[in-house]
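No value in this document is a laboratory result; all are computed from the given coordinates. Note that the structure is predicted; figures quoted are calculated from it, not measured. When we count neighbours, we look across all protein chains shown, and the Cβ atoms used for this are built from the backbone with ideal geometry, even at glycine.
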Amino acid sequence: MQIIHYPHPTLRRVSQPVRRVDAQLRAIAAEMLELMYAAQGVGLAANQVDLPLRLFVVNLAGKAGEGEELVFLNPVLRHPKGTSEREEGCLSMPAIYADVKRPERITLQAYDLAGNEVNLQLSGMLARVVQHEVDHLDGVLFIDRLSATGAMTVREGLEELERAFSALAERGEAPGSAELAARWAELEQRYCRRPRQETG
Ligand code: ZN
């Protein structure tokens, strides 16, 4: 497992709801936390590690053994209130930072790995991180939410990442679209399929 960088196509995939939690998915969440700490992040969405599933991890402390490790499945955000502007970065876009306006407060409804429903009213940094991660699950990146001026300031950095990704593709080290589609389908078949319903 590794963190993929813009413009990898999985970052634009709308992740599918998780309908099954197994030992492998719990191991995935644990490994995502490890990767997030190693990269000095405070949040990481599953599609940032090339798994298009509606799941993300957060720890505002950014260190193992400190703060609170949170894993949220199938998050839904409601009741946005207020506005705040703050600089954001993203583990999938190294060295790119810009101010992003978001609602100051938000409610989060989600599930934890044990299947318990979670309802939280969030504000401050946690509200921001959760909104950033839910955006990821919808295939949205913070660069999509910038002012015209903000977009100009990140343009050069993004072009550099685009060149790096093209170079990977030229060396055959980036997955082709058929390979990606097959992997997405396999994951979605395992974790996102609705249980069969009996008719009659
Ligand atoms: Zn991000």
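Would you pull out the residues with amide H under 5 Å of ASP50's amide H, same chain only if 5 or more places away, H placed 1.01 Å from N?
ILE4
Provide the FRET efficiency to the nearest 0.05 for the GLU69-THR199 pair, computing r from the beta carbons and using R0 = 41 Å.
Working from the Cβ atoms, E equals 0.45.
With θ taken as phi - 60° and the coefficients 6.51, -1.76 and 1.60, list the Karplus ³J(HN,Hα) couplings across segment 63-71 in order, rounded to whole Hz; mark glycine and proline as x.
3J(HN,Hα) across segment 63-71, in whole Hz: 9, 4, x, 10, x, 10, 7, 10, 10.
Highest GNM mean-square fluctuation, the chain, Cα pairs closer than 10 Å: which of VAL71, VAL118, VAL140?
VAL118
Restricting attention to segment 55-96, which trypsin sites (Lys or Arg not before Pro) occupy a DSSP loop and are surrounded by at most 15 other Cβ atoms within 10 Å?
LYS63
Please find, in a Gaussian network model of the chain (springs between Cα atoms separated by less than 10 Å), the residue of LEU70, LEU51, LEU11 whose mean-square fluctuation is greatest.
Among LEU70, LEU51, LEU11, the largest GNM mean-square fluctuation belongs to LEU70.
Given springs between every Cα pair under 10 Å in a Gaussian network model of the chain, which of SER123, SER177, SER15 has the largest fluctuation?
Of SER123, SER177, SER15, the most mobile in the Gaussian network model is SER177.
Assuming 0.36 nm per residue, please report the length gained on full extension of the stretch ASP22 to GLU162 beyond their Cα-Cα distance.
46.8 nm
Restricting to DSSP H runs of at least four residues, report the calculated mean residue ellipticity at 222 nm for the chain, -39500 (n - 2.57) per run over all residues, nearest 500 deg cm²/dmol.
Helices in the chain give a 222 nm mean residue ellipticity of -11500 deg cm²/dmol.
Taking H as built 1.01 Å from N, whose amide H comes closer than 5 Å to the amide H of ASP99, not counting residues under 5 places away?
So ASP99 has HN proximity to GLU88.
Cα centroid distance between segment 1-30 and segment 95-115, in Å?
Cα centroid of segment 1-30 versus Cα centroid of segment 95-115: 17 Å apart.
Check each of the GluC sites (Glu not before Pro) in segment 1-84 and keep only those in coil by DSSP with at most 10 other C-beta atoms within 10 angstrom; list them in order.
Loop-located and lightly packed - GLU68.
With N set to the residue count of the chain, report its C-alpha Rg divided by 2.2 N^0.38 Å to two decimal places.
So the Cα radius of gyration is 1.04 times the expected 2.2 N^0.38 Å.
Taking segment 125-174, which GluC sites (Glu not before Pro) meet the DSSP loop condition and have no more than 16 other C-beta atoms within 10 Å?
GLU173
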